[in-house]
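Before any comments, here is the structure.
Since every read-out is calculated from the coordinates, none of them should be taken as a lab result. All values derive from a computational prediction rather than experimental measurement. Positions of Cβ are generated from backbone atoms using ideal geometry, with glycine treated the same way; all protein chains shown enter the neighbour counts.
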Amino acid sequence: MVRLILLLVALVAAVLFALAIGRYPLTIGDIVAFFQAMVGFKPMAPERYQLLNNVIVEIRLPRILGAALVGAALASSGAAFQAVFRNPLVSPGILGVLGGASFGAALGILLFGNWALIQLSAFGMGLGAVGVGLLIANLFGHASMIMLVLGGMISAALFTSALSIVKYTADPQEQLPAIVYWLMGSLGGVDMTQIRWAAIPIVGGLVVLALFGRALDALSMGDDEARALGVPAQQVRYGVIGAATLVSALSVSLAGMIGWVGLVVPHVVRLALGPGNARLLPASAFVGAIFLIAADCLSRSITRSEIPIGILTELLGIPAFIIVLRRARKGWT
């Protein structure tokens with residue numbers, strides 16, 4: 001519990017730091033004074049208040065909250081999928097949710113052009129891809145672990161092929177660049193309206209995953225051992241898959257394709273806190289949020305134009321994974 005409180009404090013510090021970073025630099029004192037004026041605790045000159053409101057509330061805060069939600073969702077769902085499949089190389093895309101969401105967003109860009117419909121299409125197709133994977137896995141009776149993985153691989157390949165068809169038919173002057181940019185991942189288009197509708201289901205899904213932590217610890221010993229401890233293995237497995245798929249699809253619909261967070265962050269947390277899922281799942285959510293907030297600060301600060309955040313997470317994730325790879329086995333024993 002103490003470590004989780006420290007991670008919460010670190011997350012708050014990361015949010016304050018991110019609010020201060022940008023083309024118009026602020027101090028922590030500026031941010032504190034603005035929030036004091038917002039709640040009526042301490043007055044501020046109207047011109048100064050309006051300027052800080054535009055910078056903090058209208059521009060920076062939505063993308064910072066979006067980074068926190070997406071990072072927490074990807075990291076926690078990655079840790080949950082790794083626990084369910086008992087495989088350290090599993091990521092949130094194992095059952096095809098990323099391929100389905102990518103196809104859905106590209107189809108939305110091709111057919112609608114409205115950002116809300118694009119996000120809805122990405123979310124729906126992400127869930128649909130997982131449904132297709134589970135359907136394939138259950139075609140021949142009881143779905144074993146290997147059949148779930150194979151079903152997810154087939155579903156991902158199917159929707160990736162469909163994505164290629166959409167890209168081939170898209171207008172190369174307008175639609176295709178928008179599809180390619182979305183696939184790189186970006187938080188630049190996130191606003192408070194999107195945060196409000198996505199925050200409740202994402203936070204709810206994260207809470208559900210955290211509550212499954214002890215059941216996943218029992219499941220890691222095998223289905224028979226879990227049943228002997230009174231844990232319904234099949235129900236737990238599908239419950240975790242459902243919650244992890246929900247938060248993964250929502251994160252992709254918010255910010256596009258952002259890789260490596262769901263693979264690397266659980267390994268780092270596992271090395272620090274051990275393999276117990278009761279601690280690992282909530283800690284991964286906090287660390288994932290901090291990591292993506294830091295990556296977003298870099299994406300909008302290191303060059304004159306914003307770098308898609310998916311590129312940075314890959315560039316940062318690869319060396320981080322190489323570093324923890326040497327000790328990854330220790331975290332699973």
One finds the C-alpha centres of segment 308-324 and segment 157-217 to be spaced, in Å, by 19 Å
Per residue, the convex hull enclosing the alpha carbons of segment 147-294 has a volume in Å³ of 128 Å³
The FRET efficiency for Met221 and Leu315, from their Cβ-Cβ distance with R0 = 35 Å and rounded to 0.05, is 0.40
Mean projected area (nm²) from the convex hull of Cα positions in segment 200-263 is 4.7 nm²
Rounded to whole angstrom, the alpha-carbon centroid of segment 94-123 lies from that of segment 20-79 at a distance of 29 Å
Any chymotrypsin sites (Phe, Trp or Tyr not before Pro) in segment 64-141 that lie in a DSSP loop and have at most 14 other Cβ atoms within 10 Å would be Phe112, Phe140
Projected onto their principal axes, the Cα atoms of segment 2-331 stretch, largest extent first, over whole-Å spans of 68, 53, 36
Rounded to a whole number, the Stokes-Einstein D of segment 216-333 in µm²/s (Kirkwood radius over Cα pairs; 10 °C; 1.306 mPa s) is 99 µm²/s
A correct Stokes-Einstein calculation for segment 150-235, using the alpha-carbon Kirkwood radius, 25 °C and 0.890 mPa s, returns a whole-number D in µm² s⁻¹ of 142 µm²/s
Counting as exposed only trypsin sites (Lys or Arg not before Pro) in DSSP loop states with no more than 14 other Cβ atoms inside 10 Å, the longest exposed-site-free span of the chain is 87-303
The answer for the per residue Cα convex hull volume of segment 1-88, in Å³, is 125 Å³
Scalar couplings 3J(HN,Hα) for segment 108-124 by Karplus 6.51 cos²θ - 1.76 cosθ + 1.60 (θ = phi - 60°), nearest whole Hz, x for Gly and Pro, are x, 5, 5, 9, 10, x, 7, 5, 5, 5, 4, 5, 5, 5, 5, 5, x
In nanometres, the difference between 0.36 nm per residue of separation and the alpha-carbon distance of Ser305 and Met145 is 53.2 nm
Rounded to whole angstroms and listed largest first, the alpha-carbon spread of segment 78-170 along its three principal axes comes to 40, 27, 18
